[in-house]
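Student: What follows is a single structure, and I will ask about it in a moment.
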Amino acid sequence: MSKYYLVFTVMAVSLLGCKEEKPFVEKQSRPNVLFIAVDDLRSELGAYGKNYVISPNMDALASEGSIFLNHYVQVPTCGASRHALLTGYRPWKKIHLQNNAIEKELSDKPEDSIPETFIHRLKQEGYHTIGIGKISHSADGYIYGYEEEPSQKRELPHSWSELLFDSGKWKTGWNAFFGYADGENRQSLKKQVKPYEAGEVNDEGYPDGITANLAISKLRELKNKNKPFFMGVGFFKPHLPFNAPKEYWDMYEPDSIPISENPNIPENINLKSLHESGEFNQYALGDEKASLSKSVSDEYAKKLRHAYLASISYVDAQIGKLMKELKSSGLDKNTIIVIWGDHGWHLGDQRVWGKHTLFENALKSTLIIKSPYMDHAVLKVENIVETVDLYPTILELCALESNKKLDGESLVRLMENTNGNFENIAYSYYYNGISMRTDNYRFTKYFRDEEPILELYDHTKDLLETENVASKNEDLIEELLPMLQNGNSKLYMDTPQN
């Protein structure tokens with residue numbers, strides 16, 4: 001029996017004789033979970049030491065719970081990263097590297113004793129599960145193309161008790177995802193749009209404000225129920241386009257916003273390890289085009305960083321509304337809160353604007369966890385952790401066990417400072433390559449014709465990953481290669497795959 005179940009049971013019994021009313025602990029022996037997914041949120045918060053970022057609500061949550069300073073995703077693209085999150089598995093088939101991984105792997109599976117996701121596992125154990133916004137890959141949880149009419153086919157057919165979304169003036173989930181303040185979107189304007197906008201609107205003038213209101217309304221409905229709940233809330237920003245109400249832009253003094261410390265291509269690599277910022281360049285009315293041959297101007301880089309930071313501050317305000325509702329309703333006394341960024345993003349770093357690389361900037365993202373039952377949680381966890389660790393973590397915090405073997409390790413012992421022998425390695429996958437992050441190194445192997453196929457970055461000396469030093473460290477490479485191969489579940493063979 002999990003120690004967390006014992007804690008909840010003892011607390012529920014002891015509270016019967018207390019004067020202070022704590023109805024949510026008395027009514028149920030398991031905690032609620034509020035899981036907040038934030039699209040493209042790299043570790044760019046005040047709580048991560050970025051003092052130029054205005055993120056007071058996420059910073060406050062980090063100060064009350066555990067912030068993971070070295071969290072890495074499995075795949076630096078939305079759908080594949082979320083597939084790893086939801087299933088607890090690292091990629092072991094090529095489809096697991098694609099944005100449609102969830103649609104192809106999970107949407108047609110029959111319901112049986114093996115859960116499709118950790119959310120389904122909670123549902124099997126009596127949780128009422130609600131999905132609002134982008135938790136799987138689709139903007140609203142249903143399978144259809146960017147320019148197609150919405151379908152009624154769920155990406156996750158068995159995970160949700162309720163699947164909700166308010167698309168507002170944009171009409172569909174995908175239109176809202178790429179939406180502008182006037183109700184148009186990237187698709188309707190045939191990509192003749194800028195990659196940023198400072199709308200003269202209130203919070204509800206963009207989709208994330210509407211999502212926050214919907215989540216608050218649902219929390220008010222759930223607070224009087226006798227059943228534990230899991231609520232997943234997926235916010236769109238700071239995903240492209242970097243659109244936010246003007247008031248969030250006005251929080252920043254443009255001249256004080258730093259640009260990338262590493263705008264150059266790393267030494268001793270093949271350009272195949274990077275890309276030409278294709279997703280970013282789809283926004284055809286951008287001030288400048290990004291490319292590997294030339295950095296954008298410092299002026300434009302500063303404007304784009306301003307837009308990204310404004311989008312973070314906008315989402316932070318929406319998260320603040322949810323935290324305020326939890327506290328005012330009393331739900332905070334029995335609700336675990338998780339904030340997770342689905343991957344990082346190059347903001348001109350290595351001359352790239354976007355995700356989709358095996359570098360630190362694309363793989364490192366935000367992770368904050370707060371449990372109301374941990375009075376002495378470790379506030380800053382420095383261990384190397386990865387997204388697949390969240391499945392077992394959430395189950396343990398909810399006093400549940402998995403009924404299948406998972407690739408990740410529970411993070412609870414790190415939060416309690418009883419870490420023991422935590423593996424301290426994160427594996428990531430993309431571009432026919434595997435990247436392994438350890439305490440001191442990022443080591444990447446590509447299964448391709450173009451050389452070099454090995455890249456080694458020494459994080460004791462080179463935090464920005466400016467130079468591949470693999471050719472200078474043959475003995476270290478021999479030591480690291482077997483460790484990297486442990487993360488290769490038949491995904492790649494030793495023959496080039498183009």
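Student: Arranged from highest to lowest average of other beta-carbon atoms within 10 Å per residue, in what order do the peptides 370-376, 228-234 appear? Working shown, then result.
Tutor: Values: 370-376: 16.3, 228-234: 25.7.
Ranked from most to least packed, the peptides come out as 228-234, 370-376.
Student: For the chain, what % of the accessible area comes from carbon and sulfur atoms, probe 1.4 Å? The partial results should precede the final answer.
Tutor: Numbers: 9300 of 19330 Å².
It is 48 percent, rounded to a whole number.
Student: Another question, then. Take the alpha carbon atoms of region 201-216, find their center, do the same for region 258-310, and report the distance between the two centers in whole angstrom.
Tutor: 30
Student: Size of the dipole of the chain about the Cα centre, Lys and Arg at +1 and Asp and Glu at -1 on the beta carbon, nothing else charged, in debye to 20? Numbers along the way, then the final one.
Tutor: Values: 56 positive and 72 negative charges, 289 e Å.
My answer is approximately 1380 debye.
Student: So what's the gap between the Cα centers of region 338-399 and region 422-490, to the nearest angstrom?
Tutor: Each part reduced to its Cα centre gives a spacing of 20 Å.
Student: Shifting gears a bit: Could you sort 262-274, 130-142 so that the peptide with the highest average Cβ count within 10 Å comes first and the rest follow in order?
Tutor: Working: 262-274: 16.5, 130-142: 26.2.
Result, highest mean first: 130-142, 262-274.
Student: Also, quick follow-up: Only helices at least 20 Å long along their own axis, judged from Cα atoms, and with Kyte-Doolittle mean hydropathy of -1.0 or greater: name those in the chain from DSSP H.
Tutor: Working: long enough: 207-222 (22 Å, 0.10); 298-329 (46 Å, -0.46).
Membrane-span-like by this rule: 207-222, 298-329.
Student: Tell me, what is the per residue accessible area of the chain in Å², probe radius 1.4 Å? The partial results should precede the final answer.
Tutor: Numbers: 19330 Å² over 498 residues.
Computed with neighbouring chains in place, this is 39 Å² per residue.
Student: Shifting gears a bit: Place a +1 charge on the Cβ of each Lys and Arg in region 119-276 and a -1 charge on the Cβ of each Asp and Glu, then give the dipole magnitude about the Cα centre in debye, rounded to the nearest 20. Don't skip to the answer; put the middle values down first.
Tutor: Details: 19 positive and 23 negative charges, 188 e Å.
In debye, rounded to 20, region 119-276 gives about 900.
Student: Tell me, what is the Rg over Rh of region 399-459, with Rh the Kirkwood radius over Cα pairs? Kindly include the intermediate steps, with their values, before the conclusion.
Tutor: Values: Rg = 15.8 Å, Rh = 14.1 Å.
Value, to two decimals: 1.12.
Student: While we're here: At a Förster radius of 25 Å, what calculated FRET efficiency corresponds to the Cβ-Cβ distance of residue 321 and residue 251, to the nearest 0.05?
Tutor: Computed FRET efficiency for residue 321 and residue 251: 0.90.
Student: What order do you get for 358-369, 111-122, 312-323 when each peptide is scored by the mean count of other beta carbon atoms within 10 Å, highest first?
Tutor: 358-369, 312-323, 111-122
Student: Treating only the Cβ atoms of Lys and Arg (+1) and Asp and Glu (-1) as charged, compute the dipole magnitude of region 335-412 about its Cα centre; round to the nearest 20 debye. Let's see the in-between values first.
Tutor: On the way: 7 positive and 11 negative charges, 50 e Å.
Using only the charged Cβ atoms, the result is roughly 240 debye.
Student: Still on this structure: Tell me which of 135, 124, 304 sits at the most positive position along the dipole axis of the chain, charges placed on C-beta atoms (Lys, Arg +1; Asp, Glu -1).
Tutor: Looking along the dipole axis, the top candidate is 124.
The values are calculated or read from the model by the stated rules, or taken from the named source; none is laboratory data. None of the values given here were measured: they were computed from a predicted structure. Counting neighbours? That spans all protein chains shown, and the Cβs are built from the backbone with ideal geometry, glycine included. Ligands, DNA and RNA are stripped out before the accessible areas are found, and what is left, the full protein with its side chains, is counted by its heavy atoms. Shrake-Rupley method; radii C 1.70, N 1.55, O 1.52, S 1.80 Å.
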